[in-house]
Amino acid sequence: MVKENCGVVGIFSQDKDINVVPLAFDALRALQHRGQEAWGIAVPHKAPVKRIGLVSSAAGEFGDIAEQFSSNAVIGHVRYSTVGKSNLENAQPLKVADLCIAHNGTISNAQEMSNMVGGCTFTPQTSSDTLVVAKRLVSLLSDKSDFAAALSVLKNEMKGSYCFTFLDGGGSVYAARDPRGFRPMVMGTKKDGRVNIVASESAALSAIGAELDRDVRAGELVRLGSDGIKTSMFADSQTSAHCSFEFTYFAHPSSTMDGKNIYRARKNIGRFLAKKFPIRDADLVIPVPDSARPAALGYASELGLEFDEGLIKDRYSKKGPLRSFIEPHQNDRIEINKWIIPIQEIVRGKHVIVIDDSLVRGTSSRVIVGALRDAGASKISMLITYPPIMHPCYAGIDFPSQAELATYEARDSGSPEQVTETVRKSIGADFLGYNDAENLARAVGIETSSMCFTCHTGDYTSLGINPESMSAPKPQAK
């Protein structure tokens, strides 16, 4: 069953003469950090347009696509898979009957739900959690004929995290966010032409000159149509479980998410990390590019240490511009990290504090520590802004198997110190320090109980699942 965490957008102009498809290209490019395997758009009464690779790779086609698919309503998607091949069949938006759908998140019980929509005809290669939801929603709409009523039934059948954008046969755009707000979603307005937009992040709004109005509320359904914006609640808002990984790694630093600017939150995380690990005898602080840069600045500022760019990402290599974590295959992750190059003149003979946003598989950390050693660093202390990842994620981030985690060998030790020491030896650092959930939440300014840390704690209560009953996929061949 294909599952994924991605970026979604929906745009509607009340002026039917305005073609919003070019705006969708810009919005999707602004969400490229959320998915770099494939992208697509859908407009009313036509099959979706889908392409493999980065949005910018198809820039030469933008003019023709915009002309051919000209519309005042569009939804779009950038794909980052947690399972499933990077092919056009798995790219989104998907179309079932007259309904187009794009999804950010993971429906953890999709296999079970497939039985409601003829699951016996599906295979792991041809089915996805998004397709199952689309088929079930079309079935419910045939009975209910109302999106809010259909979703109020569907939300009781689904388990997991989701933000959806939909496009119906009448050309209206819909957006829905799950009752706990796992995944982010915002809405905004572009003044000229009465254009409204919903998207995974506010960075997409900024890219098209729209202003952020607010977050889509957990459990809320938003409709963008010829009669303006209509909202309703398809589920009672529950205790929030905002994905903490969004704040340290996934989201764009320019975005505002659940009322918090990501750049400022990351810089503050660095300051709080400095209070937890005040390493004052270091010569300089360097970030792992790019998402750890604000935290490294915050750390260095808090302790009065020198900040410098000791690692440079080669953006001219084939995979240099890409984010390694969201690449689906281990060989590609290694290839990307190979092009993070140390500056010898900066790190030689120095005690270097390396700040990174997370440590999941250990792939990048081993490569970076080794490269810094070769460049002559005398001591390497690595600090991680995210707590130790001990358990699989069933909410849309790509670590679905415990065996692939860097903490796997120490999973039964029962001692946080032993876990840290095992990982430290594995990556080759002289010192390793992890942030803790409470410290991270305080730095962001959100209650710990309102953030999702299931990958750290193993408590899946907020997702409503029993992990022992989950058949998490095995890691892909390396």
Evaluation of G35 against (1) modelled with pLDDT of 95 or more; (2) in contact with a strand residue (DSSP E or B) (Cβ under 9 Å, 6 or more places away or on another chain); (3) not aliphatic (A, V, I, L, M) (one fails), failing number: (1)
In the stretch 357-374, the residues that are among the hydrophobic types (A, V, I, L, M, F, W, C), under 16 Å from T420 (Cβ atoms) and over 18 Å from the mean Cα position of the chain (by Cα): V369
Matching residues in the stretch 194-218 - criterion: being part of a strand (DSSP E or B) and touching a Ser or Thr at 6+ places or on another chain (Cβ under 9 Å): V195, N196, I197, V198, A199, E211, L212, D213, D215
So R183, is it over 17 Å from S232 (Cβ atoms), out of contact with any Leu (no Cβ under 7 Å at 6 or more places or on another chain) and in the same structural domain as A102 (by TED's automatic domain parsing): yes
Complete set of residues in the stretch 219-271 that are assigned to a strand (DSSP E or B), of a type in the set (D, E, K, R) and in contact (Cβ under 8 Å) with a residue 40 or more places away in the chain: E220, R223, K260
Any hit, the stretch 104-127, residues being within 28 Å of V21 (Cβ to Cβ) and either touching a helix residue (DSSP H, G or I) at 6+ places or on another chain (Cβ under 7 Å) or surrounded by fewer than 21 Cβ atoms within 10 Å (Cβ to Cβ) (or both): no
Subset of the stretch 405-423 [over 19 Å from the mean Cα position of the chain (by Cα) and touching a residue at least 24 places away in the same chain (Cβ under 8 Å)]: A406, P416, V419, T420, V423
The listed residue being in the same structural domain as L137 (by TED's automatic domain parsing), over 26 Å from K159 (Cα atoms) and assigned to a strand (DSSP E or B), out of R29, R51: R51
Index of the failed condition, K155 passing every other in (1) assigned to a helix (DSSP H, G or I); (2) surrounded by 23 or more Cβ atoms within 10 Å (Cβ to Cβ): (2)
Matching residues, the stretch 34-58, being under 26 Å from P253 (Cβ atoms) and touching a Gly at 6+ places or on another chain (Cβ under 8 Å): R34, G35, Q36, E37, A38, W39, G40, I41
Of the criteria (1) touching a Leu at 6+ places or on another chain (Cβ under 9 Å); (2) part of a loop (DSSP other than H, G, I, E, B); (3) hydrophobic (A, V, I, L, M, F, W, C), which one A175 fails: (2)
Residue that is β-branched (V, I, T), modelled with pLDDT of 95 or more and closer than 25 Å to A395 by Cα, where the choices are I107, I101: I101
Residues of the stretch 301-310 that turn out to be surrounded by fewer than 24 Cβ atoms within 10 Å (Cβ to Cβ) and either polar (S, T, N, Q) or touching a residue at least 40 places away in the same chain (Cβ under 8 Å) (or both), as a count: 2
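The values are calculated or read from the model by the stated rules, or taken from the named source; none is laboratory data. Since this is a predicted model, take the numbers as computed values, not measurements. Cβ atoms come from the backbone with ideal geometry, glycine included; neighbour counts cover every protein chain shown.
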